[in-house]
Amino acid sequence: METRRSERKSSGLQSECSGTAGSRTFISGVVEGFYGRPWTMDQRKDLFRKEQKWGLNTYLYAPKDDYKHRMFWREMYSPEEAEQLRTLIAAAKEYGVDFIYAISPGLDITFSNPREVSTLKRKLGQVSGFGCRSFALLFDDIDADMCGADRKVFPSCAHAQVSLTNEIFRHLGEPETFMICPTDYCGTFCSPSVSESSYLRTVGDNLLPGIEVLWTGPKVVSNSIPVESIEEVSKVLKRAPVIWDNIHANDYDQKMIFLGPYKGRSTDLIPKLRGVLTNPNCEFEPNFVAIHTLSTWCKSHGNGARRDVVMTEGDSSRDPGREDEEEEQEAEELYSPRQALRLALAEWLEEFGEPYKYGKGSSEEPMDTDKTGSGEGVAPMQTDQEAGPYAPGPEERPLYTAEPLTLGDLALMADLFYLPYEHGPRAVAMLKELHWLRANSAVLAQGPEGEAGEKVAEWRSRAKKFVDMFKAVDKMYTRVCNSANRNLVYDLYPYILEIKSITSVAKEFVNWLGSHTTSSAQFLGGDQEPFSFKGGITGEFQRMLPNDGAHDLFRQPAKTYSVRPYLPMDEAAVNKMSRDMDSEGVGSPASPEKPYSMEDRQTEGPLGFSPDHGFILEDDEGICGYALGTVHAKAFLGTDKTSRTPDAQEKHGKSDSQKGASSKGTEEMMRNLPEAFLARFPSLIKAQIHTKVTETSVAKRMMGCLLSLLKSSGSQGAFCTVKQSDTRMLDLYRALGHFEEVKVEGIQNDVMIMGRSL
């Protein structure tokens with residue numbers, strides 16, 4: 001053990017991070033642990049070169065689609081595969097990078113079967129023979145239920161995993177670096193909580209001290225990793241964890257890519273961690289920023305005298321106009337994500353100009369046309385140059401000249417493809433401008449004089465600003481596509497093409513709003529395909545375009561749901577669904593003994609909501625949810641229900657007086673909603689989701705459509721009333737985020753008011 005430590009220190013693996021516990025090397029580097037096409041051998045060698053240059057020291061080999069790593073872990077490597085791994089391990093050693101070989105046997109291993117354990121030992125023994133000295137056992141993303149044979153031997157899956165890990169650790173001679181990824185590898189997976197998780201306690205109590213534990217933070221993809229959360233899990237595990245960081249991972253949605261800086265992790269974490277490994281984008285080339293900024297973060301920790309900026313949940317909606325102010329604040333901090341991004345982009349810009357970055361001997365090496373061979377020294381394509389170079393005439397198009405890529409282009413691209421929870425400042429500015437132009441296009445119908453003329457001028461000025469923003473995106477796209485480094489271009493092309501295409505449509509939409517001379521058919525017609533709405537910022541742009549009232553289809557693993565606008569013909573089905581939910585005990589209909597409440601007023605048809613302020617959730621069986629809203633709650637609640645037509649009163653049963661719920665109930669309710677409350681939350685919403693809908697994201701998407709529509713109609717906030725017994729809807733509103741319980745005197749005790757600013 002001591003000999004290995006000396007060897008590692010002498011090989012330059014000592015981390016540049018200071019403040020770590022004791023003299024142990026702080027683990028920092030990259031884990032290739034995503035689902036998708038694994039990186040090539042040349043790309044991995046290029047990674048080792050970068051890690052050495054930037055002061056990182058570790059590479060964890062765990063590609064999910066290497067079938068001998070996971071699916072067929074029992075199979076030994078062939079001679080050809082063995083030679084590749086041997087060469088890769090040697091290359092890592094050459095660059096001073098600790099190569100950790102990970103294996104994932106958890107899909108089908110029988111922990112209590114000695115033959116299975118022997119097979120695993122033999123497989124790792126083979127890899128050890130390639131020169132590998134560091135290992136990891138991964139039990140992530142597997143079924144935690146044990147087979148019958150294991151249940152007879154082990155009290156729980158945690159005991160089985162720990163027993164196997166300890167045995168393999170001893171069998172390999174207790175290597176200095178040996179890791180386990182538990183099945184509960186983040187806070188949200190721990191039941192009932194991290195501190196009370198029996199699984200984690202079993203791991204902490206029984207795992208040998210020399211074994212490291214991988215941990216992704218509060219979530220699988222953690223927006224931020226608070227110091228307190230690491231202190232909590234460290235106490236349970238009885239050791240500091242190694243962060244497996246998915247902040248730049250995109251294997252869960254490869255319509256997205258993340259080019260923003262390493263963010264949301266205070267450098268005060270460094271002394272409390274054993275290490276940090278980033279599991280970045282599946283595409284190798286665009287990971288330059290993710291890895292470079294991680295390196296900057298690792299080097300930023302001093303003596304803890306200053307703190308760095310930590311991203312909060314509200315960062316994604318910050319005002320881009322405050323960017324300069326925020327950057328001034330970051331300049332005073334220990335680690336500035338924006339400054340780290342600039343450093344990375346400046347160095348990355350050089351790579352775009354390198355045409356053959358992997359050098360001699362690689363598959364990327366250009367053809368040497370001077371050599372004789374099958375081509376007999378003749379270039380594959382020739383042109384007749386006898387007539388001289390072509391020169392366009394005075395009225396002909398000029399020859400195309402590729403403009404060089406700029407640092408500003410890369411900064412714009414990074415802002416457009418920033419981080420999972422946050423868009424970059426320029427992307428936020430584009431979204432806000434498009435939203436404002438769409439919401440205020442009605443001013444164009446006013447006269448050109450006075451105050452109305454000023455509003456029209458403002459609209460046209462901001463429209464020009466948005467068009468200029470698109471031109472910057474278009475130039476960025478063209479310059480990236482003409483870069484010499486084709487490896488980079490090929491990885492980035494699908495993303496920059498898509499963002500260029502959707503911003504082009506958005507520009508034409510703005511021009512159409514300003515002129516109304518273009519046919520609206522290109523924007524308003526057609527039934528949208530399920531793939532019409534993409535992920536990331538592309539999806540946000542598309543949802544702002546008038547595609548059939550934000551018609552949004554999306555696919556779940558077992559069912560296909562659609563979200564569409566509420567129509568008058570839906571009224572009967574919506575009311576039937578409400579009655580069915582009440583009969584099942586989901587809702588709580590008013591009883592004759594209880595006073596007539598705001599909740600009762602909403603659920604009594606015809607609901608009073610305009611079809612322009614509602615959305616319907618459907619599956620293949622019909623309506624399974626709705627979200628309805630009205631912009632002006634005061635006017636809606638103050639409507640005299642006795643003014644309804646006889647047909648409407650007959651349609652909805654007894655009249656107000658027969659129900660014992662006269663206008664006095666409405667007046668009493670209105671007295672309980674102060675003007676200050678209605679000024680803050682002027683809009684009223686009502687939603688219900690059928691119990692058969694189990695995916696929260698389905699309801700969140702429908703509610704997001706409604707809230708966006710209310711905001712575009714000028715509302716500053718919305719509220720809803722929910723019976724305390726309706727725990728499903730209470731959980732939904734809380735899951736949506738930014739909904740808060742609002743205390744209003746005089747409201748029934750069994751009713752909660754939930755409000756959200758827009």
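The values are calculated or read from the model by the stated rules, or taken from the named source; none is laboratory data. This structure is a prediction, so every number in the text was calculated from the model and none was measured. Note that we place each Cβ from the backbone using ideal geometry, even for glycine, and neighbour counts take in every protein chain shown. Note: accessible area is taken over every heavy atom of the protein model, side chains too, but ligands, DNA and RNA are not part of it. Shrake-Rupley method; radii C 1.70, N 1.55, O 1.52, S 1.80 Å.
Points to keep in mind about this one:
- For the range 203-232, the set of residues classified as out of contact with any Leu (no Cβ under 7 Å at 6 or more places or on another chain) and β-branched (Val, Ile, Thr) consists of Ile211, Thr216, Val220, Val221, listed by residue number.
- Applying the criterion of being touching a helix residue (DSSP H, G or I) at 6+ places or on another chain (Cβ under 7 Å) and farther than 16 Å from Pro404 by Cβ to the residues of the range 475-491, the residue that is surrounded by the fewest Cβ atoms within 10 Å (Cβ to Cβ) is Asp491.
- One residue stands out among those in the range 171-196 that are within 16 Å of Arg274 (Cα to Cα) and among the aromatic types (Phe, Trp, Tyr): the one that is modelled with the lowest pLDDT, which is Tyr185.
- For Glu313, the conditions (1) within 18 Å of Ser229 (Cα to Cα); (2) of a type outside the set (Lys, Arg); (3) more than 23 Å from the chain's Cα centre (by Cα); (4) at pLDDT below 85 all hold with the exception of (3).
- Number of the condition not met by Lys634 [criteria: (1) modelled with pLDDT under 50; (2) part of a helix (DSSP H, G or I)]: (1)
- Leading residue by the ranking (farthest from Pro63 (Cα to Cα)) among those in the range 228-251 that are within 25 Å of the chain's Cα centre (by Cα) and small (Gly, Ala, Ser): Ser229
Let's see how each residue does on (1) assigned to a loop (DSSP other than H, G, I, E, B); (2) modelled with pLDDT of 75 or more; (3) touching a helix residue (DSSP H, G or I) at 6+ places or on another chain (Cβ under 8 Å); (4) closer than 20 Å to His690 by Cβ:
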| site | (1), (2), (3), (4) |
| --- | --- |
| Ser715 | yes, yes, no, no |
| Val722 | no, yes, yes, yes |
| Tyr733 | no, yes, no, yes |
| Glu745 | yes, no, no, no |
| Gly755 | no, yes, yes, no |
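- Subset of the range 426-470 [more than 31 Å from the chain's Cα centre (by Cα), under 23 Å from Leu710 (Cβ atoms) and at pLDDT below 90]: Ser441, Ala442, Val443, Leu444, Ala445, Lys455
- Residues of the range 24-38 that are small (Gly, Ala, Ser) and either under 17 Å from Ile291 (Cβ atoms) or more than 19 Å from the chain's Cα centre (by Cα) (or both): Ser28, Gly29, Gly33.
- Close pairs from the range 72-88: first more than 15 Å from Asp42 (Cα to Cα), partner β-branched (Val, Ile, Thr), Cβ under 7 Å, at least 6 apart: Trp73/Ile103; Arg74/Thr119
- Residues that are farther than 28 Å from Trp348 by Cα and open to solvent by less than 10 Å² (accessible area, probe 1.4 Å) within the range 237-272 comprise Leu237, Pro241, listed in sequence order.
- The range 120-139 - residue that is open to solvent by less than 10 Å² (accessible area, probe 1.4 Å) and not in a strand (DSSP E or B) and, of those, nearest to Ile243 (Cα to Cα): Phe139
- Scan of the range 171-222 for residues that are small (Gly, Ala, Ser) and open to solvent by 10 Å² or more (accessible area, probe 1.4 Å), ordered by number: Gly173, Gly187, Ser191, Ser193, Ser195, Ser198, Gly210
- Residues in the range 274-287 that are hydrophobic (A, V, I, L, M, F, W, C) and open to solvent by 10 Å² or more (accessible area, probe 1.4 Å) were compared, and the one that is nearest to Arg486 (Cα to Cα) is Phe284.
- Residue identified as in a helix (DSSP H, G or I) and free of Cβ contacts under 8 Å to residues at least 40 places away in the same chain among Arg462, Arg479: Arg462
One line per residue, one yes/no per condition, for (1) more than 35 Å from the chain's Cα centre (by Cα); (2) assigned to a helix (DSSP H, G or I):
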{"site": "Gln84", "(1), (2)": "no, yes"}
{"site": "Gly106", "(1), (2)": "no, no"}
{"site": "Ser112", "(1), (2)": "yes, no"}
{"site": "Ser118", "(1), (2)": "yes, yes"}
{"site": "Asp141", "(1), (2)": "no, no"}
{"site": "Gln161", "(1), (2)": "no, yes"}
{"site": "Thr165", "(1), (2)": "no, yes"}
{"site": "Ile168", "(1), (2)": "yes, yes"}
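So that you can scan it fast, the table gives a plain yes or no per residue for (1) surrounded by fewer than 20 Cβ atoms within 10 Å (Cβ to Cβ); (2) under 21 Å from Phe34 (Cβ atoms):
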position	(1), (2)
Phe48	no, yes
Lys53	yes, no
Leu60	no, yes
Asp66	yes, yes
Ala82	yes, no
Ala90	yes, no
Ile100	no, yes
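- For Pro398: the one exception among (1) assigned to a helix (DSSP H, G or I); (2) open to solvent by 40 Å² or more (accessible area, probe 1.4 Å); (3) of a type outside the set (D, E, K, R): (1)
- Scanning the range 446-466 for residues that are open to solvent by 100 Å² or more (accessible area, probe 1.4 Å) and farther than 14 Å from Asn511 by Cβ gives Pro448, Glu449, Glu451, Glu454.
- Odd one out for Tyr335 among (1) open to solvent by 10 Å² or more (accessible area, probe 1.4 Å); (2) among the hydroxyl-bearing types (Ser, Thr, Tyr); (3) in contact with a helix residue (DSSP H, G or I) (Cβ under 7 Å, 6 or more places away or on another chain); (4) modelled with pLDDT under 95: (1)
- Verdict on Ala149 being aliphatic (A, V, I, L, M), out of contact with any Asp or Glu (no Cβ under 6 Å at 6 or more places or on another chain) and closer than 23 Å to Gly173 by Cα: no
- One residue from Thr267, Thr202 being at negative phi and at pLDDT 95 or above: Thr202
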